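Here the structure is laid out as structure tokens; the discussion comes afterwards.
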Amino acid sequence: MAQEQIAKASKNAKKKIIEKFAVKSSRKEAWGIAVKEAEEALKMNFEERLKIINGKKEILLASRKSKKKQVVKQESDTDSDATSLSKPDAEDIQAGKHKVIKRKLKSDGIKQPNKKCKLSTQENNLEGHPKVHKDNKFVHDSDVSDSSESGILQSDDRALGTHRQSKVCLKCEKPSVDLVQCKGKCFGYFHQECLVNSSQEPLCANCDAGVHKCMICQETSTETALKRCVSSNCGRFYHDTCLKAYSSMINHEGKNNHCPLHFCLTCVLENPRSSVTNASRLLKCIRCCRAFHNKRQCIAAGSIHLTGASIICSEHFEVKKHKLSSTINANWCFICSKSGSLLCCDTCPSAFHLECLNTKAPEDIFLCEDCECGKHPHYDDIVWAKLGAYRWWPAKVCHPKEVPHNIAKESPQIGEFPLYFFGTKNYIWAHRGRVFGFQEDDDERTDHALAHPGLTKRFNLALEEAGKEFAKYLKKKEVSMLEMKKHLKPPQFKMIKFNKPVGNVQVPTFNEKDYNRCDCNPNSESPCSSDVDCINRSLMFECNSNLCLAKEKCQNQRFQKREYPPAEPFLTESRGWGLRSLVDIKKGQFVNEYVGELIDDEECERRIAKMHKENETNFYFLTIDKDHIIDAGPKGNLSRFLNHSCNPNLETQKWIVNGETRIGLFARYDIPAKTELTFNYNLECKGNEKAKCMCGADNCSKYIGVRPLNTNSKAKSKVGIKRKKAFEKSKRDDICVYCKNRGSEMISCSYRDCPKSAHYACSLHAIQSAADNRWKCPEHLCEVCQTVSSKQCSTCSKTYCRQHYRNFLKTTEGNKFICIQGHQT
Ligand SMILES: C[S@@+](CC[C@H](N)C(=O)[O-])C[C@H]1O[C@@H](n2cnc3c(N)ncnc32)[C@H](O)[C@@H]1O
């Protein structure tokens, strides 16, 4: 009874206002009365609203019904003004052809765009009051009641109203400020009546029964079979396998075991290899594991806002038979653009040849990669859209806030969003099953135009408009990408200064006795630099800071002093993060040391297997020798961001620093500031086998670790071997200095430019007894103590170290050395 009175009073008040306005003679008086009555009417609305807030649903329904009646009346009043949607290509399609399409669509069970289609025109709606042609209206009665009954509000933020601060009941999905938190493990909120009545504590049915729904596969399992998100107050459950499969599919591992509801899916899909640092609030889907930043470029179009933090995402769109809600697939392959027998995605228009996908026909339904990851259209996307018999037509995905009033107020189904058709200026509510992304040059498809000689002006206009909008869209996207990249931080790792041995890995302890002091004059301008012939430097030994006579002036302690030119990680186009220098670098300059955990081969294989299992694609293993591998994954320094290139600007060199072998990166040529720094991974960087190389170099071998094409001697860089001058293989002796035979597995003498080689097996004893684990041919070892020699007899090539040479060598007139004992001439 009360409702009727309220509705009647409100109607009367409005009527009176209009009447009073009509009285021209007593305008002032009428104005006064009108204001008074309008106030009353407003008050009435306020009361109405209060009642709604208090949960008096009947009043809400009554008010909606009365409003709807008005809309219907308005529609019938404006019949004559409206323009109906002209079929975009009606003129183009010859009658027969058109019929064929119609028949096909009919047989597919797809509804034709008829008088009930969801359309309107901009001319009528953008300004002033909306005028909707009867034929263009598409609000189904069922839609309105559907949404109100399921508690789903419009996707327009304005509709949130008092629900912004409230929570959502996880059973009936209605937002309310009056909810009780379940005392079980789910931490969910429910209406009292939605909880289990029998239990003493407030418990939801799932917690009461000890079962929960996996937010990924949506199947219910017992608590023991599921894993709960570690985040406090999250309480979402997942099957471990589902979580792993999902993480690898979207190429993102939840930080510290947090579930996917703690990162923005859109940001992750756009930058899978980066941790997204934008901590702005996330809108979380109450039905699944998807969350988005509360920004129009992040949120999936068609998601329904329930509260300021909860949505039902567009993934939950359901095909309804009575609506234009089925998916229409393209009749060409999205890879090769040709027609034929196609595998159609179940939820979007994409279609593929099995051969193009290089896969077998799935037994179950097929979802394309984008749909599987949950990559849905976003607001402002320029798309191709199809409505029944109409041809694929360029359109824009609009935000419900930005469409004409009469379109916006229509209550959409979850997953539906308004589309604006270029050229025709029509609006329609659509879903992801009817749209696919516009691409660069789509507006210049002249072949398409040629295929349809009768192409209408309107279609051309639509293409032109879409092209312009798309260019704007790309520009905007680029700007926002750049902006986003500025806020992105590289994935986290622990910064360390030196290699950290792990497990059984041993590093040699430094013994001062084994150290060879160089001959450099400590008083010279730059002792131990590349300008002077420092014996340690030539042998790729660093001088010891305590023992080198040059002390602080010594220029051969670059690893120890960490003399790295400043560099910064940056996000590359296709290779994840890379490193670039902030200053100019000179040829031969020490750039960085590759540091990380020092592991053995066994541990390395174990780590690689684990990473392969988890579909990890970034590997940070660099081999020093078969027992020592550096893993810069968990711990390292900036060098871990160095990407591979088939034509790199850095090369690796093995140096001995206080008895330990370390790997340094040195410039192959002058490198200007802001250039990406790269080195050739060769086979020394494990884990990248078969990985496609995206270095873009002219000589790229297409795969990381495969020898680059057309390499010249300059481009060759072998990890761990420094050669001051090009060490061309052809110039090397291929006869073993010990057994005098040729053969494979030869190693080269590490002394300067010495061309001598030996079989690995033959030289093993020498390597093992060498202080630095490196082989030098016997010629370069002191005849007495087998340490590195410093002087050599110019006649017989016998060599002696600094301690012993005076006993065995004498200087000749020509300042050469010769054995004291002399030689037979
Ligand atoms: C040492 S990490 C380099 C840093 C890495 N890009 C990142 O984002 O952390 C090596 C990994 O980077 C990627 N990568 C390096 N160079 C590449 C290249 N030329 N092409 C494709 N991927 C590359 C591969 O995934 C490789 O396993």
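If you take the residues of region 646-663 that are assigned to a strand (DSSP E or B) and away from the ligand (no atom under 16 Å from the Cβ), which of them is surrounded by the most Cβ atoms within 10 Å (Cβ to Cβ)?
Residue satisfying both the conditions and the ranking: 655.
Could you count how many residues in region 493-518 are polar (S, T, N, Q) and touching a helix residue (DSSP H, G or I) at 6+ places or on another chain (Cβ under 8 Å)? I'd like the intermediate steps shown before the answer.
The initial filter retains those residues of region 493-518 that are polar (S, T, N, Q), namely 499, 504, 506, 509, 511, 516.
After this cut, where a residue has to be touching a helix residue (DSSP H, G or I) at 6+ places or on another chain (Cβ under 8 Å) as well, the list is 516.
Final tally of qualifying residues: 1.
Inside region 208-221, can you point out the residues that are in contact with a helix residue (DSSP H, G or I) (Cβ under 9 Å, 6 or more places away or on another chain) and not in a loop (DSSP other than H, G, I, E, B)?
Going through region 208-221, the residues in contact with a helix residue (DSSP H, G or I) (Cβ under 9 Å, 6 or more places away or on another chain) turn out to be 210-217, 219-220.
Within region 208-221, 211, 212, 213, 214, 220 meet the criteria.
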Residue pairs within 6 Å by beta carbon, gap of at least six or interchain, first lying in region 386-411 and basic (Lys, Arg), second part of a loop (DSSP other than H, G, I, E, B), listed first then second, are 386/328; 386/392; 391/89; 401/156
The residue that is nearest to the chain's Cα centre (by Cα), considering only those in region 253-278 that are at pLDDT below 80 and under 12 Å from residue 289 (Cβ atoms), is 254
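Would you confirm, using the coordinates I've provided, whether residue 527 is of a type outside the set (Ser, Thr, Tyr), in a loop (DSSP other than H, G, I, E, B) and at pLDDT below 90?
Working: of a type outside the set (Ser, Thr, Tyr): yes; in a loop (DSSP other than H, G, I, E, B): yes; at pLDDT below 90: no.
Criteria not met by residue 527.
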For region 667-679, pairs from a residue that is farther than 15 Å from residue 565 by Cα to a residue that is assigned to a strand (DSSP E or B) and of a type in the set (Ser, Thr, Tyr), with Cβ under 6 Å and 6 or more apart or across chains, are 679/652
Restricted to region 236-252 and to residues being modelled with pLDDT under 90 and outside any helix (DSSP H, G or I), the residue nearest to residue 289 (Cα to Cα) is 252
For region 194-244, the count of residues that are exposed (fewer than 14 other Cβ atoms within 10 Å of the Cβ), touching a strand residue (DSSP E or B) at 6+ places or on another chain (Cβ under 8 Å) and on the phi > 0 side of the Ramachandran plot equals 1
Of the candidates 318, 363, the one satisfying the condition of being over 17 Å from residue 434 (Cα atoms), surrounded by fewer than 16 Cβ atoms within 10 Å (Cβ to Cβ) and among the acidic types (Asp, Glu) is 363
Filtering region 457-480 down to residues that are surrounded by 16 or more Cβ atoms within 10 Å (Cβ to Cβ) and either touching a His at 6+ places or on another chain (Cβ under 6 Å) or over 21 Å from residue 419 (Cα atoms) (or both) yields none
**Prompt:** With respect to residue 339, is the statement that it is at pLDDT below 90 and farther than 21 Å from residue 170 by Cα true?
**Reply:** yes
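Within region 795-809, how many residues turn out to be more than 23 Å from residue 740 (Cα to Cα), loosely packed, with under 15 Cβ neighbours inside 10 Å and either hydroxyl-bearing (Ser, Thr, Tyr) or modelled with pLDDT of 80 or more (or both)? If you could, list the steps in order and put the result at the bottom.
Within region 795-809, the subset more than 23 Å from residue 740 (Cα to Cα) is 800-809.
Cutting the leftovers down to loosely packed, with under 15 Cβ neighbours inside 10 Å gives us 803, 806-807.
Add one more test, that the residue is either hydroxyl-bearing (Ser, Thr, Tyr) or modelled with pLDDT of 80 or more (or both), and what stays is 806-807.
Of the residues in that region, 2 qualify.
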Counting only residues in region 481-495 that are more than 24 Å from residue 620 (Cβ to Cβ) and charged (D, E, K, R), the one farthest from the ligand (Cβ to nearest atom) is identified as 483
Taking region 402-443 and keeping residues basic (Lys, Arg) and over 22 Å from residue 349 (Cα atoms) leaves 409, 425
Within region 371-395, the residues that are at pLDDT below 90 and outside any loop (DSSP other than H, G, I, E, B) are 372, 373
Of the residues in region 552-577, those that are more than 18 Å from residue 593 (Cβ to Cβ) and within 20 Å of the chain's Cα centre (by Cα) come to 570, 571, 572, 573, 574, 575, 576, 577
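From the set of residues in region 303-319 that are of a type in the set (Ser, Thr, Tyr) and not in a loop (DSSP other than H, G, I, E, B), which is farthest from residue 284 (Cα to Cα)? Give the derivation first.
Of region 303-319, the ones of a type in the set (Ser, Thr, Tyr) are 303, 307, 310, 314.
Next, only the ones that are not in a loop (DSSP other than H, G, I, E, B) stay: 310, 314.
On the way: 310: 5, 314: 12 Å.
Among residues in region 303-319 that are of a type in the set (Ser, Thr, Tyr) and not in a loop (DSSP other than H, G, I, E, B), the one farthest from residue 284 (Cα to Cα) is 314.
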In region 557-577, anything crowded, with 17+ Cβ neighbours inside 10 Å, under 24 Å from residue 678 (Cβ atoms) and at pLDDT 95 or above is listed as 558, 559, 564, 565, 567
Subject >> Condition check for residue 748: under 33 Å from the mean Cα position of the chain (by Cα) and either at pLDDT below 80 or within 27 Å of residue 560 (Cα to Cα) (or both) >> reply: no
query: If we scan region 496-508, do we find a residue that is assigned to a loop (DSSP other than H, G, I, E, B) and within 16 Å of the ligand (Cβ to nearest atom)?
result: yes
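Being in contact (Cβ under 8 Å) with a residue 60 or more places away in the chain and more than 27 Å from the chain's Cα centre (by Cα) narrows it down to one residue among 244, 167; which is it? Spell out the reasoning first.
Values: 244 fails: more than 27 Å from the chain's Cα centre (by Cα).
Exactly one residue qualifies, and that residue is 167.
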Scanning region 664-679 residue by residue, those under 25 Å from the mean Cα position of the chain (by Cα) and not in a strand (DSSP E or B) turn out to be 674, 675
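Matching residues to (1) closer than 14 Å to residue 652 by Cβ; (2) at pLDDT below 60; (3) surrounded by fewer than 18 Cβ atoms within 10 Å (Cβ to Cβ); (4) more than 16 Å from the ligand (Cβ to nearest atom):
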residue: 678; (1), (2), (3), (4): yes, no, no, no
residue: 681; (1), (2), (3), (4): yes, no, no, no
residue: 691; (1), (2), (3), (4): no, no, yes, no
residue: 698; (1), (2), (3), (4): no, no, yes, no
residue: 714; (1), (2), (3), (4): no, yes, yes, yes
residue: 719; (1), (2), (3), (4): yes, yes, no, no
Going through region 610-621 in order, the residues found to be out of contact with any helix residue (DSSP H, G or I) (no Cβ under 9 Å at 6 or more places or on another chain) and either under 29 Å from residue 508 (Cα atoms) or crowded, with 16+ Cβ neighbours inside 10 Å (or both) are 611
Of the residues in region 568-597, those that are more than 16 Å from the ligand (Cβ to nearest atom) and not in a loop (DSSP other than H, G, I, E, B) come to 585, 590
Going through region 605-633 in order, the residues found to be within 12 Å of the ligand (Cβ to nearest atom) and within 23 Å of the chain's Cα centre (by Cα) are 608, 611, 612, 615, 616, 617, 618, 619, 620, 621, 632, 633
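Can we say residue 603 is of a type in the set (Asp, Glu), under 30 Å from residue 522 (Cβ atoms) and in a helix (DSSP H, G or I)?
Numbers: of a type in the set (Asp, Glu): yes; under 30 Å from residue 522 (Cβ atoms): no; in a helix (DSSP H, G or I): yes.
It is false that residue 603 is of a type in the set (Asp, Glu), under 30 Å from residue 522 (Cβ atoms) and in a helix (DSSP H, G or I).
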The one condition residue 643 fails out of (1) free of Cβ contacts under 8 Å to residues at least 60 places away in the same chain; (2) within 10 Å of the ligand (Cβ to nearest atom); (3) buried (at least 19 other Cβ atoms within 10 Å of the Cβ) is (1)
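The values are calculated or read from the model by the stated rules, or taken from the named source; none is laboratory data. This structure is a prediction, so every number in the text was calculated from the model and none was measured. Positions of Cβ are generated from backbone atoms using ideal geometry, with glycine treated the same way; all protein chains shown enter the neighbour counts.
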